[in-house]
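As structure tokens, the structure follows; a few thoughts come after it.
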Amino acid sequence: MTDFFKSLIEMLRDPVGAMSVLVGGLMIIFALFAVESKKIVDSLIALSAISLLSVLLFVVLKAPDVAITEAAVGSGLATAVMLFALWRVDWKADSDNQQIKKNNKQSDEAGEKR
Amino acid sequence: MSNIIYYVSFIILGIGIYGIVSQKNLFKQLISLSIIDTAVNIFIVALGYVEWGEAPIYSTITPVANFVDPLPQALVLTAIVIGVGILALGSVLLVHINEKYGSLDPDEIRDTREVVE
Amino acid sequence: MRRVWAILVAGVFLYFLVGQFLPIIPTFGNVDLFARVAFDIINKSTTTNYNAVEFKKSKDLEDGSANVVTSIVVNYRSFDTLGEVSVLFCAAIGVGILASMLKSKKRIEFEEHKVLRISTGIVLPLILLFGAYIFIHGHLSPGGGFPGGTTIALGVLLLMLSNNEFKVTNVAKYVEQSAGAGYVVIGLMGMAIGGVFLMNFLPTGVVGNLFSAGVVPIVYTFIGFKVGAELSNVISDLREG
């Protein structure tokens, strides 16, 4: 058991090891949240957080090109694209948004007619 | 123990596969696909890391080239941009599916199709 | 029941990755680069035997870009990048066609806010300038055409959020088409001058100067314009329906 802690402390001294433990642990938690959360908006925000945290890992891994691309594409544009698609889908569980509430009412009426 | 970043990317990949198989919503499955994308990108970049290497850019601070492997980074640069194209196309397809069948659950979609046929 | 199956599938995948795949790849950080890449390319800048690449001094190299990733993406593997740009073009066309085939033609409207609207007028030129900076300096610093173009598209997204009347007009489509055609024309010019498609036919200059690396900054500028116009079109198609 002490050997395990010794090797853990040894790993945390290395910047790459420390970052991969801290950031990787957060990424795993966010990934579980993105998969298991009830609302889809929540999982979209968790997906954006995963992308932002992976930017930190790319910087530590000495890949600044990949980091700047992931920061612009993965956490900025992909979230916007999926959010627009989500508003078009009229997802019923996400009734916080005023506009989606209105759309839900319309789609519910349409469903009763059907 | 130094391979911890490989284990991190494998675990995130496993979570993505679990999401694709377990979730009943096509939107959640698309999000899981994007999680797998991120995990594979981290794994490929980590394959090219050299200990105490520097970022592959010539500058006055690093006169002697002690670079990490630049080829995986170039490949991942391609993969990220293709990934957002896949994501946009997939979301528009989901909007179409929802418009046609009124649901995003694969089981309900199958039932609706059987009734129609 | 579904979750049990999912955990089983993911577990089998993880078992094979960790048990079978991890032992055959090198341990983290101990990559032997000389076994992977040619000795010439790795050792370009050591001071003995080979031609040393010195920043701001050495000139007329094979590729004059200071950023090695850029020199791989746009110089050595430029044909791959042309294919990638075509794939992105196909995805954008698919999004446009599918979005125009939707039956419900409602447009996504946002609540207008005065603070956002006025601050957008101040911030937007800086965002566009930063995007242009990223793709013009792609061969000197981290960045390049793809993140620069995406930054410009994000500026367009900010304009969309703040202003309900704003629409992306046909100008974006013309910019995209002409930029894509310019990339192919540069490739054909390389074929006419040097006999190889997408050859670097301009003088490469001194490493680290803005006007260096031959054809690389021109190609990255084209890619930046193309990606920016394309992604703006994708967002606009998703919004207009």
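Brief remarks follow.
- Against the conditions (1) over 27 Å from A:Trp87 (Cα atoms); (2) loosely packed, with under 15 Cβ neighbours inside 10 Å, C:Lys167 satisfies every one except (1).
- Within the stretch C:206-240, tally of residues that are surrounded by 17 or more Cβ atoms within 10 Å (Cβ to Cβ) and either assigned to a loop (DSSP other than H, G, I, E, B) or among the basic types (Lys, Arg) (or both): 8
- Every residue from the stretch C:54-81 that is within 25 Å of A:Thr69 (Cα to Cα), surrounded by fewer than 18 Cβ atoms within 10 Å (Cβ to Cβ) and not aromatic (Phe, Trp, Tyr): C:Asp80
- Every listed requirement among (1) in contact (Cβ under 8 Å) with a residue 24 or more places away in the chain; (2) of a type in the set (A, V, I, L, M, F, W, C); (3) facing another protein chain (nearest Cβ under 7 Å) is met by B:Phe67 save one, (1).
- Residue that is at the interface with chain A (Cβ under 9 Å from one of its Cβ atoms), over 20 Å from the mean Cα position of the chain (by Cα) and outside any strand (DSSP E or B), where the choices are B:Ser2, B:Ser32, B:Ser9: B:Ser2
- C:Phe130 within 14 Å of chain A (Cβ to nearest Cβ), over 30 Å from A:Val89 (Cβ atoms) and out of contact with any Phe, Trp or Tyr (no Cβ under 9 Å at 6 or more places or on another chain): yes
- Hey, B:Ile17 in contact (Cβ under 8 Å) with a residue 12 or more places away in the chain and over 30 Å from A:Lys6 (Cβ atoms) or not: yes
- Out of C:Val171, C:Val156, C:Val216, one residue alone is over 19 Å from C:Phe89 (Cβ atoms) and either within 12 Å of chain A (Cβ to nearest Cβ) or modelled with pLDDT under 90 (or both). It is C:Val216.
- Residue pairs whose Cβ atoms lie under 6 Å apart, separated by 6 or more positions or on different chains, with the first residue in the stretch C:191-207 and closer than 16 Å to C:Val219 by Cα and the second at pLDDT 85 or above and among the β-branched types (Val, Ile, Thr), are C:Asn200/C:Val215; C:Phe201/C:Ile193; C:Leu202/C:Val215.
- Qualifying residue in the stretch C:114-127 (condition: under 30 Å from B:Tyr58 (Cα atoms), surrounded by 13 or more Cβ atoms within 10 Å (Cβ to Cβ) and modelled with pLDDT of 90 or more): yes
- Annotation: of all residues in the stretch A:38-52 being more than 9 Å from every other protein chain (Cβ to nearest Cβ) and either surrounded by 16 or more Cβ atoms within 10 Å (Cβ to Cβ) or in a helix (DSSP H, G or I) (or both), the one that is farthest from the chain's Cα centre (by Cα) is A:Val41.
- Comparison of C:Gly121, C:Gly96 shows that the only residue that is closer than 28 Å to C:Thr221 by Cα, of a type outside the set (Val, Ile, Thr) and either within 8 Å of another protein chain (Cβ to nearest Cβ) or free of Cβ contacts under 8 Å to residues at least 40 places away in the same chain (or both) is C:Gly121.
- Matching residues, the stretch C:45-71, being modelled with pLDDT under 75 and hydroxyl-bearing (Ser, Thr, Tyr): C:Ser45, C:Thr46, C:Thr47, C:Thr48, C:Tyr50, C:Ser58
- Qualifying residue in the stretch B:97-116 (condition: at pLDDT 90 or above, more than 7 Å from every other protein chain (Cβ to nearest Cβ) and part of a helix (DSSP H, G or I)): no
- Among the conditions (1) within 28 Å of C:Leu210 (Cβ to Cβ); (2) touching a residue at least 12 places away in the same chain (Cβ under 8 Å); (3) part of a helix (DSSP H, G or I), C:Leu129 misses just one, which is (2).
- For the residues A:Phe58, A:Phe33, the requirement of being in a helix (DSSP H, G or I), surrounded by fewer than 22 Cβ atoms within 10 Å (Cβ to Cβ) and not aliphatic (A, V, I, L, M) singles out A:Phe33.
- Lone unmet requirement of (1) over 22 Å from B:Ser91 (Cβ atoms); (2) touching a Ser or Thr at 6+ places or on another chain (Cβ under 8 Å) for C:Phe201: (2)
- Selected residue [aliphatic (A, V, I, L, M) and buried (at least 21 other Cβ atoms within 10 Å of the Cβ)] from B:Leu89, B:Leu33, B:Leu77: B:Leu77
- Output for the stretch B:18-29, where each listed residue is within 15 Å of A:Leu47 (Cα to Cα) and either touching a Pro at 6+ places or on another chain (Cβ under 7 Å) or at the interface with another protein chain (Cβ under 7 Å from one of its Cβ atoms) (or both): B:Gly19, B:Phe27, B:Lys28
The values are calculated or read from the model by the stated rules, or taken from the named source; none is laboratory data. The structure displayed is predicted, hence computed values, not measured ones. Backbone-built Cβ (ideal geometry, glycine too); neighbour counts: all protein chains shown.
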